[in-house]
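Structure record follows, encoded as structure tokens.
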Ligand code: BF8
């Protein structure tokens, strides 16, 4: 691999080249010109009031108010957690609103009744003799209450082991209402409030837990109820999924309430006919970022790419529209779309972008709204300039859609030949305790131009599977794996003997696609169930987390709740906390004493894999004793 290449992915490198020929800029050009602020990088710049901004230096060891480096670093960290928890949880709230408007004759329906009933029972909502939509509405209300209820703690899912809950109780970090936790951070970080790194990190941890075991968990469960619980499906990934003779629509963002309707609208006979009328062979949907994960695991919609590739989709000159809702959308798409014929369509009042075409998605009239958006894309086909079109011929096959239910079913079907289905995680737990699988890793998160595109994910994961560590993936890591062929069942040839045997027996890839970033809740559920089955607390399991190319506030919240859930977490990009020695000490050391897990920072993915394997073996040994 040419060291100068910015990605390990051919399609990406080819399109970066095209950007140069076309004279347009990409994230990598901006990165080359950007000099990151060294203060910001260490987290020691404080902009919380206007007396400064204060910068901590040897000469000025305190801000104007007297805040130390650790106070500043911990407050900045806390605000990142708040931003991330807010984004994930507001996504969950939106899905709850959609469930509340679901009806038998409406656009949004209940697709997984069994899951709805199970959740209703868990929340002590009467189900017998009731209309399923009455139950759905009460479940939605109950969920919405988790965001703002004035008293009591968050309703925690049954997959959370009692031992873990006790740890949180003892540390006084059991989350309360989700909004309350986010607001507490904003209050506590206001000038003149919390000035103690330890306490600030406790508040951050509690808020992050309200995301992982609250907002994100709700987002996943209610999405499954509304749109169906994913089952394994076949798909393809990378920009080569774009079609020369079709209307190409890229769905980018996060919430399935929009993308599900677009998927339906794109099959509408009226719109299919319109596409033919404008000279196209049909309508081709392709997903990007977490929306890609949502629609691929429920419909097999192809994956165009991950976070760093969003500009490249437009650069192909073959995309009629990029339709976005919220989160992880480059504002750069607006001026870039002006250089091609692509329509950049924003749909959410929460994420309007100057220069974009704003067609607000109205959930009350979801289908009609989605149809008008798709129509815009079709009518734009005539503006395509064939001279500017270049679709890289790179794509790979992937099997996606491993929800917890799908994993349990798959193991039951094959391992027990359905003779004696356990309906539990027993077969998975057995594979781990017997040592056939050495352990499991959840590899998640973004792309970050500080790391060669996709290199962090793929190198780490290849090393892990080679050493019989089964890997589950979500977010942009999942797409990196799909593009690299690691989500294909053939990839078992890259696995160690134990993992390869399991893959063959169970007919799964060595890397399992578990969904979008909010679906890290699926990983929590799986890990929690295995711990409960073995009657241990989560930190005792040979299980780790990793975010090799993370960049967003959401990733900070995720990392924090994963560690607080008792799972050691490896970061490939250094977080902006190195200017606070106490903060660093807590995150990378002391958390192990209090929460049973901590953060590791290792930019080299091969070294990180070595550390992970060592840690997993230590845990195995302790578990056997
Ligand atoms: O929530 S992995 S770049 S797309 S933040 Fe964003 Fe990161 Fe991708 Fe989904 Ni998650």
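Below is a table of values for the structure above.
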read-out: Enumeration of residues in the range 582-598 that are out of contact with any strand residue (DSSP E or B) (no Cβ under 9 Å at 6 or more places or on another chain) and either closer than 16 Å to residue 612 by Cβ or modelled with pLDDT under 95 (or both); value: none
read-out: Meets criteria (more than 22 Å from residue 548 (Cα to Cα), in the same structural domain as residue 492 (by TED's automatic domain parsing), at pLDDT 90 or above and buried (at least 22 other Cβ atoms within 10 Å of the Cβ)) for residue 411; value: no
read-out: Helices (runs of 4 or more DSSP H) wholly inside the range 416-520 that include at least 2 residues being under 30 Å from residue 327 (Cα atoms) and in contact with a helix residue (DSSP H, G or I) (Cβ under 8 Å, 6 or more places away or on another chain); value: 455-466, 475-484
read-out: Members of the range 538-573 found to be part of a loop (DSSP other than H, G, I, E, B) and either without any contact (Cβ under 8 Å) to a residue 40 or more places away in the chain or within 14 Å of the ligand (Cβ to nearest atom) (or both), listed by number; value: 548, 549, 550, 551, 552, 572, 573
read-out: Selected residue (only one of 86, 102 is within 27 Å of the chain's Cα centre (by Cα) and under 22 Å from residue 177 (Cβ atoms)); value: 86
read-out: Filter result (within 18 Å of residue 335 (Cα to Cα) and within 15 Å of the ligand (Cβ to nearest atom)) within the range 280-314; value: 307, 308, 309, 310, 311, 312, 313
read-out: Residues satisfying the stated conditions in the range 439-465, i.e. within 13 Å of the ligand (Cβ to nearest atom), farther than 21 Å from residue 612 by Cα and out of contact with any strand residue (DSSP E or B) (no Cβ under 7 Å at 6 or more places or on another chain); value: 448, 449
read-out: Residue 578 in a loop (DSSP other than H, G, I, E, B) and surrounded by fewer than 24 Cβ atoms within 10 Å (Cβ to Cβ); value: yes
read-out: Test result for residue 601, out of contact with any helix residue (DSSP H, G or I) (no Cβ under 6 Å at 6 or more places or on another chain) and within 16 Å of the ligand (Cβ to nearest atom); value: no
read-out: Residues of the range 482-533 satisfying the condition of being over 30 Å from residue 158 (Cβ atoms) and over 23 Å from the mean Cα position of the chain (by Cα); value: 490, 492, 493, 494, 495, 496, 497, 498, 500, 501, 504
read-out: Of residues in the range 315-326 being out of contact with any strand residue (DSSP E or B) (no Cβ under 6 Å at 6 or more places or on another chain) and within 24 Å of residue 554 (Cβ to Cβ), the one farthest from the ligand (Cβ to nearest atom); value: 325
read-out: Conditions (1) surrounded by 18 or more Cβ atoms within 10 Å (Cβ to Cβ); (2) more than 29 Å from the chain's Cα centre (by Cα); number of the one not met by residue 93; value: (2)
read-out: Residue 329 within 27 Å of residue 86 (Cβ to Cβ), buried (at least 24 other Cβ atoms within 10 Å of the Cβ) and away from the ligand (no atom under 14 Å from the Cβ); value: no
read-out: Residues being crowded, with 24+ Cβ neighbours inside 10 Å, within 24 Å of residue 383 (Cβ to Cβ) and in contact with a helix residue (DSSP H, G or I) (Cβ under 7 Å, 6 or more places away or on another chain) - total across the range 223-258; value: 7
read-out: Residue in the range 148-165 that is free of Cβ contacts under 8 Å to residues at least 12 places away in the same chain, closer than 24 Å to residue 594 by Cβ and assigned to a helix (DSSP H, G or I) present; value: yes
read-out: Where residue 468 falls short, out of the listed (1) touching a strand residue (DSSP E or B) at 6+ places or on another chain (Cβ under 9 Å); (2) closer than 22 Å to residue 545 by Cα; (3) touching a residue at least 40 places away in the same chain (Cβ under 8 Å); value: (3)
read-out: Pair list, Cβ under 7 Å, 6 or more apart: the range 504-518 residue assigned by TED's automatic domain parsing to the domain that holds residue 255 and surrounded by 23 or more Cβ atoms within 10 Å (Cβ to Cβ), other residue modelled with pLDDT under 95 and in a strand (DSSP E or B); value: none
read-out: Options 534, 526, 499: the member that is more than 16 Å from the ligand (Cβ to nearest atom), surrounded by 24 or more Cβ atoms within 10 Å (Cβ to Cβ), in contact (Cβ under 8 Å) with a residue 60 or more places away in the chain and within 16 Å of residue 425 (Cα to Cα); value: 526
read-out: Residues that are more than 28 Å from residue 9 (Cβ to Cβ) and in a helix (DSSP H, G or I), drawn from the range 221-254; value: 221, 222, 223, 224, 225, 226, 227
read-out: Of residues in the range 266-278 being assigned to a helix (DSSP H, G or I) and touching a strand residue (DSSP E or B) at 6+ places or on another chain (Cβ under 8 Å), the one surrounded by the most Cβ atoms within 10 Å (Cβ to Cβ); value: 275
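The values are calculated or read from the model by the stated rules, or taken from the named source; none is laboratory data. Computed from a predicted model, the values in this text were never measured in an experiment. Every residue, glycine as well, gets a Cβ built from its backbone with ideal geometry; the counts of neighbours run over all protein chains shown.
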